[in-house]
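Note sheet for the following structure.
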Amino acid sequence: MNLVSLDGVARRHADTQVLDDVTLGIDEGDRVGVIGRNASGKSTLLRLIAGADEPDSGRIVTGAGARIGYVPQEPAFDPTQRVLAAVLDVGGGAASATASAALRAAAAFAAAAAALEVAPSDPGAQARLEAATRTMDAEGGWDAERHARALLDRLAVGDVGQRLGALSGGQRKRVALARGLAAEAELLILDEPTNHLDIDAVEWLEGELASRRGALVLVTHDRYLLDRLATRIVEVEGGALHSGSGSYADYLETRVRRDELAAATERRRQNRARTELAWLRRGARARTSKARYRVERAQELITPRPGEPGGEVPAAHVDVALPSRRLGSKVVNLYNAGKRYGERWVLRGVEQRLSRDARVGVVGPNGAGKTTLLALIAGRLEPDEGKVAIGDTVVPGWYGQDPAALPATQRVIDAVKDVVLEATLPDGGKVGAGALLERFGFPPSAQRGRVGELSGGERRRLELLRVLATTPNLLLLDEPTNDLDLDTLAILEEFLDGWTGALVVASHDRYFLDRVCDDLFSIEPDGNVRHHPGGWSAWRAEQGARHAGAGRGLSREQPQPQPQPDAPDRPRRLGYAQRRELTALERQLTDLEDRRRVLELSVQRAGDDYQAALAAGEELAAVLASLDVAESRWLELAAQAEAAVGPPDGRGQR
């Protein structure tokens with residue numbers, strides 16, 4: 001059954017045609033992932049599907065009685081409403097009529113309880129609560145309420161009786177997500193649902209959505225979530241929709257083939273144009289009436305129509321190649337560092353050291369202290385116990401969750417000039433603020449625009465430019481993937497591949513942690529920070545093995561042997577030969593990584609030279625295989641060394 005159909009829909013925002021004559025159908029069981037650049041129209045498309053916005057032209061048809069749940073990026077709530085009542089709120093009119101009897105009963109009970117709280121001595125309010133209680137018994141409303149409470153608990157919203165006005169933006173987003181999941185919708189529409197969730201909650205949400213039987217439409221920057229849930233991808237680009245069946249990985253393959261075809265078409269067009277231009281330059285024969293068609297054909301080839309390959313203005317390209325300063329051997333050392341807020345210790349007894357090539361991810365539940373740890377490392381906070389020693393050459397760059405406060409009326413280019421007027425590129429060239437903005441995907445027309453007119457993703461991209469333009473050598477990224485589109489994320493990851501300074505990143509994005517981090521710091525319940533070699537997947541596998549071992553231990557009924565004080569079970573230290581092997585592996589990994597980068601560049605530059613591409617590709621495959629073997633052995637030796645000698649030095653794998 002078709003749930004929603006868009007036919008010839010167009011939508012304009014100010015001077016931008018966001019959607020232009022688009023057609024889309026969503027059927028029962030569809031799982032649609034919507035992707036596209038920042039400000040391309042993803043959220044606009046979701047609002048139109050949800051019925052929260054009207055098109056300028058075209059037609060949107062919603063199936064009769066279809067229940068649609070919608071969770072926007074910035075949900076709006078009545079600040080006086082209680083949390084549980086907001087989750088159970090089924091709305092009015094058609095939304096209320098299509099909700100289940102149990103959910104309607106639970107919503108009516110929550111409303112009656114709220115009314116009685118306002119007027120406890122009102123006989124009418126008392127009678128309504130009694131009637132709502134009887135309906136709860138008859139319709140199974142207590143199950144709906146228990147489900148809502150369980151969702152809130154899983155999303156770390158503890159006090160279900162507090163008013164929404166007292167919650168942070170992240171907490172309100174989690175309440176909205178709980179309401180969407182509780183709504184029993186036939187079509188659930190989610191706009192960046194993983195924002196403000198920790199990794200455990202993201203994994204839980206992935207399982208919850210995978211088990212749903214209804215249709216799903218979502219925008220997300222979490223590529224693992226997108227690839228595992230979506231069975232169809234819709235890309236919003238230039239006002240049009242490009243759709244493809246299959247996972248996100250399948251769609252990427254299709255897009256690569258589409259781009260290659262467009263590039264080949266453009267090369268043929270340019271070749272034809274050169275031929276026609278050569279003919280035109282022959283002289284007077286080109287001006288005769290018989291040859292007029294050749295003139296017209298040349299003009300057509302030289303100036304392709306919009307919509308043809310080469311006929312459109314290229315999409316905003318982001319080039320983040322900016323230098324970093326020299327970094328000395330001492331970066332940041334934490335000695336028994338701790339931080340508390342009031343009586344609660346968030347971090348305590350932290351003993352870690354960052355090397356100048358550290359690439360560390362920080363994980364932990366919401367409120368565990370990830371941002372606090374980054375702020376201690378950056379010198380933005382002072383510890384309440386212990387010491388944080390920062391090297392003399394360290395210049396930190398802070399890219400936090402909340403962008404710096406900028407006047408909404410300030411022009412975009414002035415926001416960059418406040419930080420830097422001119423920057424030196426890695427090749428020695430110098431560029432001004434305008435050229436920097438163009439490298440970050442802001443054309444001259446956007447540079448003259450106001451900061452307040454930028455989308456959330458564009459605002460984050462502007463903030464990233466302001467941070468990198470100061471040429472830091474220690475990057476601290478706090479949830480950097482929020483609000484960035486997938487293409488910009490991929491470019492940021494490529495930039496971090498070549499980043500020569502130290503990197504510490506706190507993120508709930510599992511793919512990003514796997515992609516850019518060689519080590520993880522996990523914040524434990526007691527406030528300590530543990531080191532784990534490898535990215536997120538390695539850490540999660542380690543956790544799974546630990547939990548499995550604990551489960552096996554609990555299943556045995558024999559008493560556990562008591563440790564003997566005179567024979568402690570300590571890991572053996574590395575021998576002389578192993579220490580030499582570890583040192584040699586570090587040098588080998590550095591050489592292999594350098595060779596990998598050279599070969600990848602050779603493959604890219606080979607272009608249509610098949611033999612050169614084949615030779616470079618074969619050598620690259622061999623280098624990658626050697627890297628895999630060397631990294632596995634390095635991890636084995638490093639883990640043994642860490643277990644034997646205590647706290648690690650926070651070093652990356654390379």
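The values are calculated or read from the model by the stated rules, or taken from the named source; none is laboratory data. These numbers come from a predicted model, not from an experiment. Using ideal geometry, Cβ is built from the backbone for each residue, glycine included, and neighbour counts are taken over all protein chains shown.
From the list LEU205, LEU164, LEU151, LEU197, which one is of a type outside the set (S, T, N, Q) and more than 30 Å from GLY246 (Cα to Cα)?
Being of a type outside the set (S, T, N, Q) and more than 30 Å from GLY246 (Cα to Cα) holds for just one of LEU205, LEU164, LEU151, LEU197, which is LEU164.
Please specify each residue of segment 422-452 satisfying the condition of being in a strand (DSSP E or B), surrounded by fewer than 22 Cβ atoms within 10 Å (Cβ to Cβ) and not polar (S, T, N, Q).
GLU422, LYS430, VAL431, GLY432, ARG450 - these are the residues of segment 422-452 that are in a strand (DSSP E or B), surrounded by fewer than 22 Cβ atoms within 10 Å (Cβ to Cβ) and not polar (S, T, N, Q).
Identify, by number, the condition in (1) modelled with pLDDT of 95 or more; (2) of a type outside the set (Phe, Trp, Tyr); (3) closer than 30 Å to VAL451 by Cα that PRO383 doesn't meet.
It fails just one condition, (3).
Taking the stated definitions as given, is ALA144 touching a strand residue (DSSP E or B) at 6+ places or on another chain (Cβ under 7 Å), in a helix (DSSP H, G or I) and hydrophobic (A, V, I, L, M, F, W, C)?
Against the criterion (touching a strand residue (DSSP E or B) at 6+ places or on another chain (Cβ under 7 Å), in a helix (DSSP H, G or I) and hydrophobic (A, V, I, L, M, F, W, C)), ALA144 does not qualify.
Among the listed residues ALA405, ALA469, identify the single one that is under 30 Å from GLY369 (Cβ atoms) and free of Cβ contacts under 8 Å to residues at least 12 places away in the same chain.
None of the other options fit; the residue is ALA405.
Would you confirm whether any residue within segment 474-492 is surrounded by fewer than 17 Cβ atoms within 10 Å (Cβ to Cβ), within 25 Å of TYR248 (Cβ to Cβ) and free of Cβ contacts under 8 Å to residues at least 40 places away in the same chain?
Within segment 474-492 (the criterion being surrounded by fewer than 17 Cβ atoms within 10 Å (Cβ to Cβ), within 25 Å of TYR248 (Cβ to Cβ) and free of Cβ contacts under 8 Å to residues at least 40 places away in the same chain), the answer is yes, since at least one residue qualifies.
Checking the condition in contact with a helix residue (DSSP H, G or I) (Cβ under 8 Å, 6 or more places away or on another chain) and either of a type in the set (A, V, I, L, M) or under 27 Å from GLU117 (Cα atoms) (or both), which residue from ALA132, ALA185 passes?
Numbers: ALA185 fails: in contact with a helix residue (DSSP H, G or I) (Cβ under 8 Å, 6 or more places away or on another chain).
One residue alone meets the criteria, ALA132.
How many residues does segment 453-495 contain that are among the aliphatic types (A, V, I, L, M), part of a helix (DSSP H, G or I) and under 15 Å from the mean Cα position of the chain (by Cα)?
6
Go through segment 460-473 and give me each residue that's within 27 Å of TYR248 (Cβ to Cβ) and charged (D, E, K, R).
ARG460, ARG461, GLU463
Taking segment 353-371 as the region of interest, how many residues are of a type outside the set (A, V, I, L, M, F, W, C), within 16 Å of ASP526 (Cα to Cα) and either buried (at least 23 other Cβ atoms within 10 Å of the Cβ) or not assigned by TED's automatic domain parsing to the domain that holds VAL504 (or both)?
Residues flagged as of a type outside the set (A, V, I, L, M, F, W, C), within 16 Å of ASP526 (Cα to Cα) and either buried (at least 23 other Cβ atoms within 10 Å of the Cβ) or not assigned by TED's automatic domain parsing to the domain that holds VAL504 (or both) within segment 353-371 amount to 2.
For segment 393-413, give me each residue that is surrounded by 13 or more Cβ atoms within 10 Å (Cβ to Cβ), in contact with a Gly (Cβ under 7 Å, 6 or more places away or on another chain) and either part of a loop (DSSP other than H, G, I, E, B) or outside the structural domain of PHE442 (by TED's automatic domain parsing) (or both).
The one that is surrounded by 13 or more Cβ atoms within 10 Å (Cβ to Cβ), in contact with a Gly (Cβ under 7 Å, 6 or more places away or on another chain) and either part of a loop (DSSP other than H, G, I, E, B) or outside the structural domain of PHE442 (by TED's automatic domain parsing) (or both): THR393.
Within segment 402-438, work out how many residues are among the polar types (S, T, N, Q) and either within 28 Å of the chain's Cα centre (by Cα) or at pLDDT 85 or above (or both).
So the count comes out to 2.
Quick check on my filter: what residues within segment 607-621 are at pLDDT 65 or above and under 32 Å from the mean Cα position of the chain (by Cα)? Don't jump to the end; show me each part of the working.
Step one: filter segment 607-621 for residues at pLDDT 65 or above, giving 611-621.
Across segment 607-621, the qualifying residues are GLY617, LEU620, ALA621.
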